[in-house]
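For reference, the structure discussed in these notes is given below.
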């Protein structure tokens, strides 16, 4: 029916998975600054380029790349084989650790949850957000709420607007925020939306994202 079709096409916000919360993130810092990265179209190669430029003891990274179920595990294995750090598909409850990259499994949402000075990921079902599951907005909102200034948010190439609202929430919570520039993006949709909303503290070409991650990890 037409009513059902309208319902399916309605674009949900992160509220559908994680309620919005007023106020800044937590006042205490985690032991390490956790880098949250989101990407869509063009993202698999952009992520590879960033990760290949990072050392084995890189800051902890959690990534949402829009990908179907079954593809994310292979993507993580390929990156693990060519990068210095450990890269794997995230499992529910996995700790977020330095020298490790966790990639959200296709068709599931991923959030970060603080536990004392450390953090872990949770893997959730729930409706698509901004028409995507996993959604960058869901990850970024959880980072804003749970980590505040102990997080950094990075939005890379991609179509649409997933991640723009979440990146703004991270910036409001005191996190360092970055968006990829137009020239180095395959599709400038997601970064552009974030920049227009004032969500990006800095706009960088892809080649400068890895150095920015290392600066963030060093607390700069």
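Descriptive notes on the structure:
- Among 35, 50, 101, the residue with the largest mean-square fluctuation in a Gaussian network model of the chain, with springs joining Cα atoms closer than 10 Å, is 50.
- Note on residue 78/residue 202: beta-carbon distance plugged into 1/(1 + (r/R0)^6) with R0 of 22 Å gives a FRET efficiency of 0.15.
- A simple spin-label model places pseudo-atoms 7 Å from Cα toward Cβ; at residue 117 and residue 21 they are separated by 2.2 nm.
- Gyration tensor (alpha-carbon) shape descriptor, segment 124-220, a/c threshold 1.5: oblate
- Rg(Cα) / (2.2 N^0.38 Å) computed for segment 79-131, rounded to two decimals: 1.24
- Exposure proxy ranking for 83, 58, based on other Cβ atoms within 10 angstrom of each Cβ and starting from the fewest, stands as 83, 58.
- The chain: calculated mean residue ellipticity at 222 nm from DSSP helix runs of at least 4, using -39500 (n - 2.57): -9000 deg cm²/dmol
- Percent of beta bridges antiparallel (DSSP, the chain, rounded to nearest 5): 25
No lab work stands behind these numbers, since they all come straight from the coordinates. Just so we're clear, the structure is a prediction, and the values are computed from it rather than from any experiment. Virtual Cβ from ideal backbone geometry, glycine too; neighbours counted across all protein chains shown.
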